[in-house]
Amino acid sequence: MVDFDTAVKDSKERIEMAQLWGGRFTKQTDREVCEFNASILFDRRLYRQDIEGSMAHVRMLAKQEILTPEERDRILKGLEGILRDVGDGTLEITPEYEDIHSFVEANLIERIGDVGKKLHTGRSRNDQVALDMRMYVREKVRDTDRLLWELLEVLQRIMEENVDTFMPGFTHLQKAQPVTLAHHVGAYFEMFRRDRSRMRDICRRMNECPLGAGALAGTTYPLDREYTAQLLGFDGPTRNSMDSVSDRDYVIEYLAALSTIMMHLSRFSEEIIIWNSNEYGFVELDDAFSTGSSIMPQKKNPDIAELVRGKTGRVYGALMGMLTTMKGLPLAYNKDMQEDKEGVFDAIDTVLSCLHLFAGMLDTVKFNRAAMEASARNGFTNATDVADYLVNRGVPFRDAHGISGRLVLKCIAQSKALDDLTLEEFREESDRFDGDIYEAISMKACVGKRLTKGAPGQEAMRAVIGENRRYLEEDPAGQI
Ligand code: ARG
């Protein structure tokens with residue numbers, strides 16, 4: 001990347017061309033102002049959307065006989081050349097241009113001469129940047145949906161394989177009742193499934209084309225906005241030109257959805273970190289997805305999960321930043337809106353890489369089934385089932401709760417599980433206990449009897465897994 005000084009020294013002439021608005025000015029812009037004002041260093045990632053938008057605009061201008069077919073073809077050829085050359089690295093996007101729009105236009109004129117100056121007919125950078133951002137965000141919404149789908153596939157596989165893997169379910173991070181790993185992971189399946197549906201919502205709402213809104217008040221040229229909208233894959237053109245150039249709702253909605261994804265990933269990461277601790281030992285991370293310590297040779301750290309948890313903050317920050325940037329803006333376009341880019345780009349890069357890496361980490365993690373089951377057994381997670389057993393024998397639940405609690409106390413004193421009490425010990429608290437208590441409070445029974453829809457019982461779980469499978473097949477990635 002050429003730095004600003006070299007680029008400017010090299011190209012006194014080009015910098016004049018790079019500025020699209022010199023006519024009304026008699027003095028050179030202050031150097032620091034140029035740098036402060038410029039967005040090229042970050043909006044250059046919009047080059048493809050910018051050029052594709054321009055191509056559609058030019059096709060429409062020719063269709064409306066505002067450009068001749070020859071002019072159209074020359075401009076299209078020039079734009080194709082820029083797209084190709086930037087794509088393969090032969091053309092560098094250098095910082096002497098104010099923004100990506102100026103870069104493309106100046107380059108076009110350099111390539112094809114004066115006819116290139118007709119590109120901007122009936123268009124403003126305001127509707128142009130609104131279009132570029134929309135097209136960019138739309139693509140990223142689709143990428144997000146695809147990565148979510150891939151993560152759901154990993155979760156689904158883990159669920160299918162772990163319908164019988166018992167583990168404690170927690171409330172207050174205290175062992176509560178036994179569940180299965182399939183059930184626990186199934187909770188995340190639901191979260192990421194909702195995240196996908198948010199992607200679809202955003203896409204549906206934002207898929208209207210702002211091109212043709214001009215600076216704020218449309219144009220006097222007979223533009224066919226339906227046509228450009230259709231060429232660019234939008235459902236139709238936007239309905240108010242002032243809103244078109246000043247709407248960044250879709251950016252905010254997307255950031256809110258990305259923040260929610262990060263919240264979900266962060267909660268799951270936290271659990272992976274806990275499960276990976278020496279005390280829990282529920283999981284072993286694959287070597288490829290963990291790191292060591294420079295001093296403590298025994299360490300295998302869950303850095304990926306920690307980083308995902310940590311990066312959640314910057315995505316929330318981008319959302320807050322954008323909401324704050326937009327809150328006091330009068331209609332229509334204000335330069336404040338240029339601030340929509342860096343935070344969003346960073347949030348997008350962050351979430352996409354987190355989704356990808358998290359899925360990879362989860363796909364390779366080994367679950368220590370024995371440790372999970374032992375933990376469920378040692379935590380009195382079947383104490384509710386002891387009470388339920390008594391209720392089935394006519395004891396009121398409140399009394400049954402007390403009896404079960406006293407049995408737990410007895411076990412704590414002897415460092416053993418409820419299953420290890422002798423029948424006599426059970427009967428010291430209630431004569432309703434019989435030999436079938438052991439079967440009734442076995443892990444298998446405790447989980448297996450929970451068969452209401454959404455509960456961890458194997459039959460109920462298999463039904464949900466079947467529904468998930470159908471959902472993944474009927475709603476594959478790439479549909480929005
Ligand atoms: N770089 C600008 C942005 O990102 C492009 C639009 C410029 N429009 C203007 N009226 N100065 O918002």
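The values are calculated or read from the model by the stated rules, or taken from the named source; none is laboratory data. What you see is a predicted model, and the numbers here were worked out from it, not measured in a lab. Note that each Cβ is placed from the backbone with ideal geometry, even for glycine, and that neighbours are counted across all protein chains shown. Keep in mind that these areas ignore ligands, DNA and RNA; they rest on the heavy atoms of the full protein, side chains included. Shrake-Rupley method; radii C 1.70, N 1.55, O 1.52, S 1.80 Å.
Odds and ends about this structure:
- Selected residue (only one of GLU98, GLU80, GLU92 is surrounded by fewer than 20 Cβ atoms within 10 Å (Cβ to Cβ) and either within 12 Å of the ligand (Cβ to nearest atom) or part of a helix (DSSP H, G or I) (or both)): GLU80
- Residues of the range 301-340 that are buried (at least 20 other Cβ atoms within 10 Å of the Cβ), within 12 Å of the ligand (Cβ to nearest atom) and assigned to a helix (DSSP H, G or I): MET337, ASP340.
- From MET361, MET372, residue being open to solvent by less than 30 Å² (accessible area, probe 1.4 Å), touching a strand residue (DSSP E or B) at 6+ places or on another chain (Cβ under 6 Å) and away from the ligand (no atom under 16 Å from the Cβ): MET372
- Candidates VAL395, VAL447, VAL391: the one that is surrounded by 12 or more Cβ atoms within 10 Å (Cβ to Cβ), in contact with a Pro (Cβ under 9 Å, 6 or more places away or on another chain) and more than 30 Å from ARG138 (Cβ to Cβ) is VAL447.
- Check on GLU271, assigned to a loop (DSSP other than H, G, I, E, B) and either surrounded by fewer than 21 Cβ atoms within 10 Å (Cβ to Cβ) or modelled with pLDDT of 95 or more (or both): no
- When the residues of the range 101-140 are filtered to those that are among the β-branched types (Val, Ile, Thr) and more than 15 Å from the ligand (Cβ to nearest atom), the one that is surrounded by the fewest Cβ atoms within 10 Å (Cβ to Cβ) is THR121.
- The residues of the range 168-206 that are of a type in the set (D, E, K, R) and outside any helix (DSSP H, G or I) amount to a single one, LYS175.
- Only one entry of VAL283, VAL245 meets the criterion of being hydrophobic (A, V, I, L, M, F, W, C) and over 30 Å from LYS63 (Cβ atoms), and that entry is VAL283.
Conditions tested, residue by residue: (1) within 30 Å of LEU155 (Cα to Cα); (2) of a type in the set (Gly, Ala, Ser).
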| residue | (1), (2) |
| --- | --- |
| GLU339 | no, no |
| THR350 | yes, no |
| MET361 | yes, no |
| GLU373 | yes, no |
| THR384 | yes, no |
| GLY394 | no, yes |
| GLY402 | no, yes |
| ILE412 | no, no |
| ALA417 | no, yes |
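- Checking each residue in the range 54-71 for being part of a helix (DSSP H, G or I), touching a residue at least 12 places away in the same chain (Cβ under 8 Å) and open to solvent by less than 70 Å² (accessible area, probe 1.4 Å) picks out SER54, MET55, ALA56, HIS57, VAL58, MET60, LEU61, GLU71.
Listed here are the residues, each with its yes/no results for (1) out of contact with any strand residue (DSSP E or B) (no Cβ under 6 Å at 6 or more places or on another chain); (2) open to solvent by less than 60 Å² (accessible area, probe 1.4 Å); (3) free of Cβ contacts under 8 Å to residues at least 24 places away in the same chain.
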{"position": "MET199", "(1), (2), (3)": "yes, yes, no"}
{"position": "ILE202", "(1), (2), (3)": "yes, yes, no"}
{"position": "CYS209", "(1), (2), (3)": "no, yes, no"}
{"position": "TYR221", "(1), (2), (3)": "yes, no, no"}
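- Cβ-Cβ under 9 Å pairs, at least 6 apart or on other chains, the range 29-46 side closer than 13 Å to PRO95 by Cβ, far side among the basic types (Lys, Arg) and within 11 Å of the ligand (Cβ to nearest atom): ASN37/LYS335; SER39/LYS341; PHE42/LYS341; ASP43/LYS341
- Residues located in the range 404-422, provided they are open to solvent by less than 80 Å² (accessible area, probe 1.4 Å) and touching a helix residue (DSSP H, G or I) at 6+ places or on another chain (Cβ under 7 Å): SER404, LEU407, VAL408, LYS410, CYS411, ALA417, LEU418, ASP419, LEU421
- Matching residues, the range 429-480, being of a type in the set (Asp, Glu) and more than 36 Å from the chain's Cα centre (by Cα): GLU429, ASP431, ASP434, ASP436, GLU439
- Only one of the listed residues (ARG45, ARG74) is more than 12 Å from VAL104 (Cβ to Cβ), more than 16 Å from the ligand (Cβ to nearest atom) and either in a loop (DSSP other than H, G, I, E, B) or open to solvent by 40 Å² or more (accessible area, probe 1.4 Å) (or both). That residue is ARG74.
- Qualifying helices (runs of 4 or more DSSP H) (wholly inside the range 430-480; at least 2 residues being under 29 Å from ASP399 (Cβ atoms)): 437-440, 443-448
- Yes/no for GLY87 being surrounded by fewer than 18 Cβ atoms within 10 Å (Cβ to Cβ) and of a type in the set (Gly, Ala, Ser): yes
- Scanning the range 341-358 for residues that are surrounded by fewer than 19 Cβ atoms within 10 Å (Cβ to Cβ) and away from the ligand (no atom under 15 Å from the Cβ) yields a total of 6.
- Test: residue in the range 361-375 that is within 27 Å of the chain's Cα centre (by Cα), assigned to a helix (DSSP H, G or I) and within 30 Å of VAL251 (Cα to Cα): yes
- Within the range 22-42, considering residues that are outside any helix (DSSP H, G or I) and away from the ligand (no atom under 16 Å from the Cβ), the one surrounded by the most Cβ atoms within 10 Å (Cβ to Cβ): GLN28
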